[in-house]
Amino acid sequence: MIKTVIIGVGNCASSFVQGIEYYKTHQAGIGMIRQSIAGYEAKNIQIVGAIDVDKRLVGQDLSKAIFGGSNTATKFCEVPHLGVPVVKGPVLDGVAKHMTESFQVDAAQQPVNVAEYLKSVGAESAICYLPVGSQQAATHYAAECLKAGVSFINAIPVFICSTPEWDAKFKAAGIPCAGDDIKSQFGATYLNRVLVESLMERGFSVDNLYQLNVGGNTDFQNMLDESRLESKRISKTAAVSTLYEKKGMKTPDLRIGPSDYVPHLGDHKICYINVNGRQFGDVPFELELKLKVEDSPNSAGIMIDVVRYVRVARDRGLSGTVPAISAFGFKHPIETFGEQDILDNLKSFLA
């Protein structure tokens, strides 16, 4: 079993936990990129611990907590009692000032010692699902994972696994890590990258491009605070701009990033992409595209693979940030590749 701890029991965690249970009995492969990764299936992931700060979730069994608090992710699977109570973690900068109703903290609840907790539950990996902008909290958990010998999987745009400093720390500890900022299974970033790569391959040039996202979950509500958005914009923009840099081409004018919080959308995300450029004969063209997805299952569809890839890396004695895994699953990896190169690298990694 791949013993995993979840840090932040929000919508993405809800879909991830449901997905593990769902694919125990649904083996047709619908929705899964890979049914098996080096012999590991979704059912081989065991959640052994969960950490949050919301008083409505702390103390609850994870099977109930994923549907509690401010979570709005679609319930697509009944999750049995897991015997995994949610424990209180350190708050640090994990809760924005305007989010005190969505994330209700009881100061009387004492946080656990994270490294000791990870050891006590026998964790091999920990997924960081904290809110965007949780710089202090994310780095704290990364450091605690190092102490406990646990692989750190960073789903948020705080730059840890993609930095030489942290890569060196995990290498020195003999532990693999992966990140940063989860790239959904078929989300706005992936679609934008595939679109830009296709235009390049077909000889079209891009003069300017914008990608605007709106959604109604707590992730979008959290990002109303512009001070928490800087790393997110960097991450999402770099996911596209690096495609041009790799080919030595001039980067067009780009505007990519979260745009607004629309409460009635719930866990749905709507992405609008607009591209202006030039085609054969230097003739102008314009492309308009809209994508609407359920946000959290889209994230979980990648994470369920990433956790298994990281376990394979542990099995092989790899340490530090594994480029093939991070480029596959994250918007801001330590080393960037085109999407076809990413698939080729994964095949080589598994071989």
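The values are calculated or read from the model by the stated rules, or taken from the named source; none is laboratory data. Worth saying up front: this structure is predicted, and the values here are computed from it rather than measured. For neighbour counting, all protein chains shown are included, and Cβ atoms are generated from backbone atoms with ideal geometry for every residue, glycine included. Side chains included, ligands, DNA and RNA excluded: accessible areas come from the protein's heavy atoms. Shrake-Rupley method; radii C 1.70, N 1.55, O 1.52, S 1.80 Å.
Among the listed values (i) 48; (ii) 57; (iii) 37, the one computed from these coordinates for percent of Cα pairs over 29 Å apart is (iii). Net charge in the neighbourhood of M32 (other residues with Cβ under 12 Å of its Cβ; Lys, Arg +1, Asp, Glu -1) is +1. Surface composition of the chain: carbon plus sulfur atoms hold 52% of the accessible area, using a 1.4 angstrom probe and ignoring ligands, DNA and RNA. Phi angles of the stretch 97-108 translate, via the Karplus equation with coefficients 6.51, -1.76, 1.60 and θ = phi - 60°, into HN-Hα couplings of 4, 8, 10, 5, 7, 6, 10, 8, 9, 9, 4, 6 Hz per residue; Gly and Pro are given as x.
What FRET efficiency comes out for the pair K119/H26, r = Cβ-Cβ distance, R0 = 45 Å, nearest 0.05? That pair, K119 with H26, gives E of 0.85.
Apply the a/c threshold of 1.5 to the C-alpha gyration tensor of the stretch 223-351 and tell me whether it is rounded, prolate or oblate. Judged from the Cα gyration tensor, the stretch 223-351 comes out oblate (a/c at least 1.5, b/c at or above a/b). Highest mean first, the peptides 14-20, 281-287 sorted by other C-beta atoms within 10 Å per residue fall in the order 14-20, 281-287.
With respect to the chain, whose longest principal axis is taken over its alpha-carbon atoms, helix 11-25 is tilted by about 80°. Extension gain for T74-Q340 works out to 92.6 nm (0.36 nm per residue, less the C-alpha to C-alpha distance). Residues in the stretch 59-90, backbone N under 15 Å from the label point at D106 (7 Å along the Cα-to-beta-carbon vector): list them, ranges by number please. Residues passing the 15 Å test: 59-61, 65, 69, 86-89. Result for the chain in a Gaussian network model with C-alpha springs under 10 Å: among R233, R34, R316, the largest mean-square fluctuation is at R316. Taking Cβ atoms as reference points and 13 Å as the exclusive limit, the residues near P252 contribute a net charge of +1, counting Lys and Arg as +1 and Asp and Glu as -1. Placing +1 on the Cβ of every Lys and Arg and -1 on the Cβ of every Asp and Glu, with nothing else charged, gives the chain a dipole about its Cα centre of roughly 600 debye. 3J(HN,Hα) along the stretch 312-323: 4, 4, 4, 4, 8, x, 7, 9, x, 6, 8, x Hz, from the Karplus curve 6.51 cos²θ - 1.76 cosθ + 1.60 with θ = phi - 60°, whole Hz, x for Gly and Pro.
E288 sits with roughly 120 Å² accessible to a 1.4 Å probe, with DNA, RNA and ligands left out of the calculation.
For the stretch 193-344, the solvent-accessible area works out to 44 Å² per residue, with a probe of 1.4 Å and every protein chain left in place.
Cut-off 10 angstrom, C-alpha nodes, Gaussian network model of the chain. Which of M223, M249, M99 fluctuates the most? Highest fluctuation of the listed residues: M249.
When +1 charges are put on Lys and Arg Cβ atoms and -1 charges on Asp and Glu Cβ atoms, the dipole computed for the stretch 1-103 relative to its Cα centre reaches about 80 debye. Note on the chain: GNM, Cα springs under 10 Å; of R56, R228, R202, the largest mean-square fluctuation is that of R202.
Rolling a 1.4 Å probe across the protein heavy atoms gives the stretch 1-88 an accessible surface of 41 Å² per residue. DSSP finds beta bridges in the chain, and of those with both partners inside it, around 45 percent are antiparallel. What do you get for GluC sites (Glu not before Pro) in the stretch 124-183 restricted to DSSP loop and a cutoff of at most 12 other Cβ within 10 Å of the site's Cβ? Of the GluC sites (Glu not before Pro), not one in the loops of the stretch 124-183 has a Cβ with at most 12 other Cβ atoms within 10 Å. The string of couplings for the stretch 341-350 from the Karplus curve (6.51, -1.76, 1.60, θ = phi - 60°) is 5, 4, 5, 4, 5, 5, 4, 5, 4, 5 Hz, one whole number per residue in order, with x for Gly and Pro. With a cut-off of 13 Å between beta carbons, the residues surrounding C128 carry a summed charge of -4, where Lys and Arg count +1 and Asp and Glu -1. Between 0 and 90 degrees, the angle of helix 164-173 with respect to the longest Cα principal axis of the chain falls at about 40 degrees. Here is the list for the stretch 67-114: trypsin sites (Lys or Arg not before Pro) lying in DSSP coil, each with at most 13 other C-beta atoms within 10 angstrom of its C-beta, are K75.
Per-residue SASA remark: E294, around 40 Å² accessible (1.4 Å probe; ligands, DNA and RNA not included). The C-alpha atoms of the chain define a longest principal axis, and helix 135-148 lies at about 60 degrees to it. For the set K88/K269; K75/K169; K171/K232; K169/K290; K43/K183, the pairs lying more than 32 angstrom apart at their alpha carbons are K75/K169; K169/K290.
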